[in-house]
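Written out below as structure tokens is the structure these notes cover.
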Amino acid sequence: MKGLVIKNTGSWYSVRTDDGRTIESKIKGNFRLKDIRSTNPVSVGDRVDIDINNEGTAFITEIEDRKNYIVRRASNLSKQSHIIAANLDQAMLIVTVNYPITTTVFIDRFLATAEAYRVPVKLIFNKIDRYHADDQEYMEALIHLYTTIGYPCSKICAKKEIGLDELREELKGKITLLSGHSGVGKSTLINKLLPGVNLKTGDISEYHNKGMHTTTFSEMIELPDGGFIIDTPGIKGFGTIEMEDAEISHYFPEIFKHSDKCRFGNCSHRHEPGCAVIEAVENHYISESRYRSYLSILTDKGESKYREDF
Ligand code: GDP
Ligand code: ZN
């Protein structure tokens, strides 16, 4: 029987079978690890084969190849990582230009990480009911910037349920990582998407974890129209990812596009003569805010900088 792992409590995995049952499953002791560097061979989002036994539980016998997965390093000292979720169809970053301010550095770090993980991202601007003229103008400028680079944007008001029908369509049948600074309205939004369930605003994780704060626990929230939202405890976004200096520009599509015209093949686009990226910034082909975010990742790759709550 094939199915999807929707919950992971460390020892048990809940598998939603293709015929609609939820079967509590375990991994066989001699299970061959797909990725020996990870502390958990199976994660939410994995498609698996299970053998159901007489008691109605099952053993996971096979994991399908993942199209992508997001990880967190098990500890600062260890090279081992923990797979938080697999097979993400998309990530949505909830952004507020005010109340609270989401900075472009924050947005760009999220986007770069998503690029590194090969997860398509969309920016969702929330609280449009609250913005005054200058906030609105700034929001439109950001929307113009990011759509030009290739990141779709939409505007919603979670509180008054404006723009949510379109969002529901986009979530249907997909596995979506929902992220954003605390206070941007994530819980409010999820409440509106899940009629009947009332999440306490301000603390999605609390509701889902019921006090379990182990690093191995994660769960997907099932949407009424099909599809899942991923919420992970401790890490609200992607967590940490290690990028080599030379790699970082690959995750800024418009910077990468200009970089092949730089004089030096190993140009860091910081100060080198003949740098086509710096020239493109000066000529406004690349936005200064994006360039600043690129530099901030390059110069300050400390782990904390990649965390959402930095
Ligand atoms: P979270 O930390 O991202 O889960 O944010 P919450 O859902 O707890 O929302 C934080 C605050 O913003 C709460 O007071 C919400 O009522 C408020 N809020 C959420 N969405 C909107 C919105 O669309 N407009 C306005 N004006 N307030 C909102
Ligand atoms: Zn350069």
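Which order do peptides 116-128, 284-296 fall in by mean Cβ count within 10 Å, highest first?
So the order, starting with the most tightly packed, is 116-128, 284-296.
Along Cα→Cβ, 7 Å out, is where each label goes; now give me the distance between the ones at Y285 and E247 in nm to one decimal.
2.7 nm
Amide H neighbours of M92 under 5 Å, at least 5 residues apart or on other chains, H built in the peptide plane: list them.
Amide H neighbours of M92, under 5 Å, 5+ apart: K122, L177, L178, S179.
For K174 and R263 in the same chain, what is the full-extension length gain: residue separation times 0.36 nm, less their Cα-Cα distance, in nm?
27.7 nm
Over the stretch 2-67, average the accessible area per residue using a 1.4 Å probe and give it in Å², no decimals.
Dividing the accessible area of the stretch 2-67 by its residue count gives 53 Å².
Place the peptides 51-59, 220-228 in order of packing, highest mean first, counting for every residue the other Cβ atoms within 10 Å and averaging per peptide.
So the order, starting with the most tightly packed, is 220-228, 51-59.
In whole Hz and in residue order, list the ³J(HN,Hα) couplings for the stretch 56-69 that follow from phi through the Karplus curve 6.51 cos²θ - 1.76 cosθ + 1.60, θ = phi - 60°; x for Gly and Pro.
Along the stretch 56-69, the couplings run x, 9, 8, 10, 7, 10, 7, 10, 6, 4, 8, 7, 6, 7 Hz.
Expressed as a whole percentage, what fraction of the accessible surface of the stretch 249-288 belongs to carbon and sulfur atoms when a 1.4 Å probe is rolled over the protein heavy atoms?
50 percent
Considering amide H positions built from the backbone, and no H for Pro or chain starts, which residues 5 or more places from I27, or on another chain, come under 5 Å of its amide H?
When sequence neighbours closer than 5 places are left aside, the close amide H contacts are I60.
Send over a whole-number figure in Å² for the accessible area per residue of the stretch 76-126, probe 1.4 Å.
Per residue, the stretch 76-126 has 32 Å² of solvent-accessible surface.
The values are calculated or read from the model by the stated rules, or taken from the named source; none is laboratory data. Quick caveat, the model's predicted, so the values are computed rather than measured. Every residue, glycine among them, receives a Cβ derived from its backbone with ideal geometry; neighbour counts consider all protein chains shown. The protein model used for the area step is the full one, side chains on, heavy atoms only, and it has no ligands, DNA or RNA in it. Shrake-Rupley method; radii C 1.70, N 1.55, O 1.52, S 1.80 Å.
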